[in-house]
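Worksheet: one structure, shown below.
What follows is calculated from the coordinates using simple rules that are stated; it is not laboratory data. Since the model is a prediction, treat every value here as computed from it, not as a measurement. Positions of Cβ are backbone-derived with ideal geometry, glycine not excepted, and every protein chain shown enters the neighbour counts.
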Amino acid sequence: MAKTRRFRAAAAALAMGALAPGALLAHAHLVGAAPADGETVDAAPEIITLAFDDALELEFSSFTLRPADGEAQDLSAVAGAGAQSVELTVPETLPPGAYALDWAVMASDGHVTEGTLTFTVAGD
Ligand SMILES: [Cu+2]
C-alpha cells in the first residue's frame, strides 16, 4: 500500500514537473477533505479533515478559516507524527454561510504547498 502510494506520488511529481519546471519534487498535495471542496453540508462541521499525499510537518503548516461574513481565524491542527492527514478543530458552531479554508502545509521534504478549500453550511 505505502509503496503504491509513494509510487503514485512520484508519478504525480513527474507529471507535474513536466508541466511546471519549478516543481521538482512531490510536496504534499490535497487528496481529500471533509467537508469536500465545494460541498454544502447540513450540519456545521466540528472537525475539518484534510488528507494529503505526503507526510506533513505541522509545525510549519497553517490553516485559516475565513467566513464569507466574519473574521478569519486560525484553526489548531492535530495529526500524528508522519501523518498525511490532519484534523482541524472548529472552536464554535459555524453559522450557516460560505466558508473558505486557506491551508499551507510543509511536506516531509521541506516544500510548502498551499490552497483553498471552500464549503457551505446550509441554513435551516
Ligand atoms: Cu516537495
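Assorted remarks:
- FRET E, pair residue 83, residue 42, Förster distance 35 Å, beta-carbon r, rounded to 0.05: 0.80
- Summing charges over all other residues whose Cβ lies under 15 Å from the Cβ of residue 87, with Lys and Arg as +1 and Asp and Glu as -1, gives -2.
- Per-residue 3J(HN,Hα) values for segment 75-84, derived from phi via the Karplus relation 6.51 cos²θ - 1.76 cosθ + 1.60 with θ = phi - 60°, read 9, 7, 10, 10, 7, x, 4, x, 6, 9 Hz in sequence order (x marks Gly and Pro).
- Taking a sphere under 9 Å around the Cβ of residue 108 and counting the other residues whose Cβ falls inside, with K and R at +1 and D and E at -1, yields a net charge of -3.
- Segment 27-121: projected area of the alpha-carbon convex hull, averaged over directions, in nm²: 5.3 nm²
- Counted charge near residue 64, where neighbours are those whose Cβ lies closer than 11 Å (Asp, Glu -1; Lys, Arg +1): -3
- Under-5 Å amide H pairs with residue 29, H placed in peptide plane, nonlocal only: 53, 54
- A full extension of the chain between residue 116 and residue 73 corresponds to an added length of 14.1 nm, given 0.36 nm per residue minus the alpha carbon distance.
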